[in-house]
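Worksheet: the structure to be examined is printed underneath.
The values are calculated or read from the model by the stated rules, or taken from the named source; none is laboratory data. Not measured: the values here are computed from a predicted model. Because the Cβ atoms are built from the backbone with ideal geometry, glycine has one as well, and the counts that use them run over all protein chains shown. These accessible areas exclude ligands, DNA and RNA; they are computed on the full protein's heavy atoms, side chains included. Shrake-Rupley method; radii C 1.70, N 1.55, O 1.52, S 1.80 Å.
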Amino acid sequence: MAEIKVPELAESISEGTIAQWLKQPGDYVEQGEYLLELETDKVNVELTAEESGVLQEVLKDSGDTVQVGEIIGTITEGAGESSAPAPSEKAESKESEKEEKQAEPAAQEVSQEAQTEAKSRTIASPSARKLAREKGIDLSQVPTGDPLGRVRKQDVEAYEKPAAKPAPQQQKQQPQAQKTQQSFDKPVEVQKMSRRRQTIAKRLVEVQQTSAMLTTFNEVDMTAVMNLRKRRKDQFFEQNEVKLGFMSFFTKAVVAALKKYPLLNAEIQGDELIVKKFYDIGIAVAAEEGLVVPVVRDADRLTFAGIEKEIGELAKKARNNKLTLGELQGGSFTITNGGTFGSLMSTPILNSPQVGILGMHKIQLRPVAIDEERFENRPMMYIALSYDHRIVDGKEAVGFLVTIKNLLEDPEQLLLEG
């Protein structure tokens, strides 16, 4: 018999949620065949069978939270369920039926106990479970402020004080909690947040609480870039089999600006600055379950075509939920393009632990003063830089944006910078 365990996923991931079982108990599975889909904080991972056999038992259902190393099922050797009993087995089956009938009441009692235990199982973090065991506290009795009802360590610590209060006071508090949950007079739909959405929400709040985030703006005249693309797009596609988009221009401009203002390519660790000498640029992609940021590695070494191909492949994987953990980790700076959805201006939130993120927006015709007497309609784009003011000063942030503006308004410079 082989145990199905949750494998080591990444250094920062200790648990996941079973999205769905792809095989059911009794199914025969080949070695390497997909068994289930596991949802983690960053990506969905499909777990495979380590050996061939019959999926004998499933210990965790869809929606259950599981820890790395936890046993979630078993596989036994065999060829699956037999279609009919052999003649020699019929006599044995009659006797076994009698034994099963005699054992049925006891089995029902065990089953009822198991169901009661399963219903009473409380979702809690490992540290909360450990502390509860040490304190002799029943986790099912611990109130929590977590919107999904997950008991945290601080909930267990806080429970010791109200635990000493008389029971009548606790009974009075229960209707109030129920009233809060049922405070809508009109129809509503309650949806459980996916693990990824929970993680996104948690990290966005953490960034705003742990960084001195500030945003500065500028605008870019996209005339030169658009004219260059128009002249070169057919030749570019014939030579590289990929379309020439805006992202390669912005990625090249960002790399050049980071070289000029290196603190925007850094991160804070304790009381030290880690200034990165590589340029792994995260490109924010809107996937079905939320925003993901796959990373274009060594963008400074890639050509325009190389950048466009890499972004295209990563975006396709993101939409099909096929990104690996390695493709999402270790970026040094991020670019996000809200203009794809029509955004005219925004203040992007940092992708921690990075200290800078560039926001692109919709290209829109606006009247621009050419000189004191002339105006022209030009394709203009607002760009925004959010940065951590703890290590990046306003002068550097503004200089960073001006550098990007100048490079995009004279894109031939990017060839020299490259």
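Among what's in the stretch 1-44 and is β-branched (V, I, T) and in contact (Cβ under 8 Å) with a residue 60 or more places away in the chain, pick the residue that is surrounded by the fewest Cβ atoms within 10 Å (Cβ to Cβ). If we take residues in the stretch 1-44 being β-branched (V, I, T) and in contact (Cβ under 8 Å) with a residue 60 or more places away in the chain, then I13 is surrounded by the fewest Cβ atoms within 10 Å (Cβ to Cβ). Pairing each residue of the stretch 283-309 that is at pLDDT below 95 and surrounded by fewer than 16 Cβ atoms within 10 Å (Cβ to Cβ) with any residue that is of a type in the set (G, A, S) and in a strand (DSSP E or B), provided the two are 6+ apart or on different chains, yields no C-beta distance under 8 Å. Examine the stretch 250-269 for a residue that is among the hydrophobic types (A, V, I, L, M, F, W, C), touching a helix residue (DSSP H, G or I) at 6+ places or on another chain (Cβ under 9 Å) and assigned to a loop (DSSP other than H, G, I, E, B), and state whether such a residue exists. The answer is no; no qualifying residue exists. Among the residues of the stretch 51-91, the one identified as surrounded by 11 or more Cβ atoms within 10 Å (Cβ to Cβ), modelled with pLDDT under 60 and among the acidic types (D, E) is E89. Among the residues of the stretch 278-300, at least one is of a type in the set (V, I, T), closer than 29 Å to N44 by Cβ and not in a strand (DSSP E or B). The condition of being open to solvent by less than 50 Å² (accessible area, probe 1.4 Å), at pLDDT 95 or above and among the aromatic types (F, W, Y) holds for only one of F236, F217, F250, F278, that being F250.
Listed here are the residues, each with its yes/no results for (1) at pLDDT 75 or above; (2) open to solvent by 100 Å² or more (accessible area, probe 1.4 Å); (3) in a helix (DSSP H, G or I).
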| position | (1), (2), (3) |
| --- | --- |
| E117 | no, yes, yes |
| A132 | yes, no, yes |
| S140 | yes, no, yes |
| P147 | no, yes, no |
| V156 | yes, no, yes |
| K179 | no, yes, yes |
| K186 | yes, yes, no |
| V207 | yes, no, yes |
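Condition check: touching a residue at least 60 places away in the same chain (Cβ under 8 Å), among the hydroxyl-bearing types (S, T, Y), closer than 20 Å to I404 by Cα and open to solvent by 20 Å² or more (accessible area, probe 1.4 Å). Does T324 satisfy that? The answer is no for T324. A224: within 20 Å of N351 (Cα to Cα) and among the hydrophobic types (A, V, I, L, M, F, W, C), yes or no? It is false that A224 is within 20 Å of N351 (Cα to Cα) and among the hydrophobic types (A, V, I, L, M, F, W, C).
Among all positions in the stretch 222-233, there is no residue which is more than 27 Å from P367 (Cβ to Cβ) and open to solvent by less than 70 Å² (accessible area, probe 1.4 Å).
When you look at F341, is it over 30 Å from A19 (Cβ atoms) and among the aromatic types (F, W, Y), yes or no? No; evaluated as a whole, the condition is false for this residue. Scoring A201 on the criteria (1) without any contact (Cβ under 8 Å) to a residue 24 or more places away in the chain; (2) farther than 30 Å from E37 by Cβ; (3) open to solvent by less than 50 Å² (accessible area, probe 1.4 Å); (4) not β-branched (V, I, T) leaves a single failure, condition (2).
Just one of (1) modelled with pLDDT of 90 or more; (2) farther than 28 Å from V392 by Cα; (3) out of contact with any helix residue (DSSP H, G or I) (no Cβ under 7 Å at 6 or more places or on another chain) fails for P379. It is (3).
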